[in-house]
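The values are calculated or read from the model by the stated rules, or taken from the named source; none is laboratory data. A quick note: this is a predicted structure, and the numbers were derived from the prediction, not measured. Cβ placement follows ideal geometry from the backbone for every residue including glycine, while neighbour counts extend to all protein chains displayed. Calculation scope for accessible area: heavy atoms of the full protein, side chains included, ligands and nucleic acids excluded. Shrake-Rupley method; radii C 1.70, N 1.55, O 1.52, S 1.80 Å.
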Amino acid sequence: MKKMVALISALVVLMVAFSGCVGDNKSAVNGTEPNSSGENVNPAESTANVSELNDSAVNVTESSNLETNVNPAENAANTSEFNKPSAGGTDSTNSGSSTNSAESTADISKLENLPEGFKYIGSIPLNAADIKIDYNAENISEVVGGSEGMYKYNESDFYIDVIELENSEATTNLIDAYKSSFKPLTEGSRFVDESFNGHSAVRIADHVTSAGTEIPRYTYIWGSGNHVFVVTGSTADASLVKKLAEATGH
């Protein structure tokens, strides 16, 4: 009887031990492991999650590198685009350097070395519209502008008009247009060619009426480069007008 009880007890122990082994193997076969919360976690899924986290970390690193590892040459090119002036705009460094025609011709109409007895009074700008009217040059589109220098000799007034045009051909056209505005004289020649300062000029004779008497007046006109020079005076002495014309140096 005691042998029988001992045998049964041994069988029960073996069965319990065998049951525990089977349970462990089943857990290993299912591939689940207990986690801290007591739930079974699939190692494969856990490994996959870790892999996703690593991929995310890689992506973050690559994204950071895209922002920080910028090609300096491309960065410089982009910066230069902002520094370029807009198309059609005016560069501020150059905007103040351009000189209008009145300013440039004013320097010419103000003579440095005046003949004895002449005094410089001042200069005024001449706009293209007024020049075209005064010189019968409405059809000459190349007129830019000019300046008129004013002088005094005793009681007589003298003027030097310096007219700027776009080219030398236009200067010839303006002189011809001005000459065409005069009617022929009943006696003598209105236009006389003279030479000074190494070039020729046209002396134009005209008359004004004062106290019922006609008094002669003279004008010298010539071209130099893209400028036309016109010198005139309120005097009957043509030599004084010529002397001021020669003083231009042109």
### Message
What's the total number of residues in the stretch 185-199 that are at pLDDT 95 or above and open to solvent by 70 Å² or more (accessible area, probe 1.4 Å)?
### Response
5
### Message
Take A205 and tell me if it is surrounded by 14 or more Cβ atoms within 10 Å (Cβ to Cβ) and assigned to a helix (DSSP H, G or I).
### Response
no
### Task
Provide a single number: the residues in the stretch 139-174 that are under 32 Å from the mean Cα position of the chain (by Cα) and acidic (D, E).
5
### Task
Starting from the stretch 227-250, keep only residues that are more than 12 Å from F158 (Cβ to Cβ) and open to solvent by less than 50 Å² (accessible area, probe 1.4 Å), then list their pairs with residues that are of a type in the set (V, I, T) and part of a helix (DSSP H, G or I) whose Cβ atoms are within a distance under 6 Å, requiring at least 6 positions of separation or different chains.
V228/T171
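Select from the stretch 175-190 the residues that are more than 49 Å from the chain's Cα centre (by Cα) and without any contact (Cβ under 8 Å) to a residue 12 or more places away in the chain and list them in ascending order. Before you say what the answer is, go through the steps one by one.
Of the residues in the stretch 175-190, the ones more than 49 Å from the chain's Cα centre (by Cα) are 184-190.
Those that are more than 49 Å from the chain's Cα centre (by Cα) and without any contact (Cβ under 8 Å) to a residue 12 or more places away in the chain: P184, T186, E187.
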### Query
Any idea how many residues of the stretch 112-132 are in a helix (DSSP H, G or I) and either in contact with a Lys or Arg (Cβ under 7 Å, 6 or more places away or on another chain) or basic (K, R) (or both)?
1
### Message
When you scan the stretch 159-167, do you find a residue that is open to solvent by 10 Å² or more (accessible area, probe 1.4 Å), more than 24 Å from D237 (Cα to Cα) and part of a strand (DSSP E or B), even just one?
### Response
yes
### Task
Determine whether the stretch 170-181 contains at least one residue that is modelled with pLDDT under 95, more than 24 Å from P115 (Cα to Cα) and surrounded by fewer than 18 Cβ atoms within 10 Å (Cβ to Cβ).
no
### Task
Report yes if some residue within the stretch 118-129 is in contact with a Gly (Cβ under 7 Å, 6 or more places away or on another chain), crowded, with 18+ Cβ neighbours inside 10 Å and closer than 16 Å to T248 by Cα; otherwise report no.
yes
### Task
Examine the stretch 93-106 for a residue that is open to solvent by less than 90 Å² (accessible area, probe 1.4 Å), at pLDDT 95 or above and not in a helix (DSSP H, G or I), and state whether such a residue exists.
no
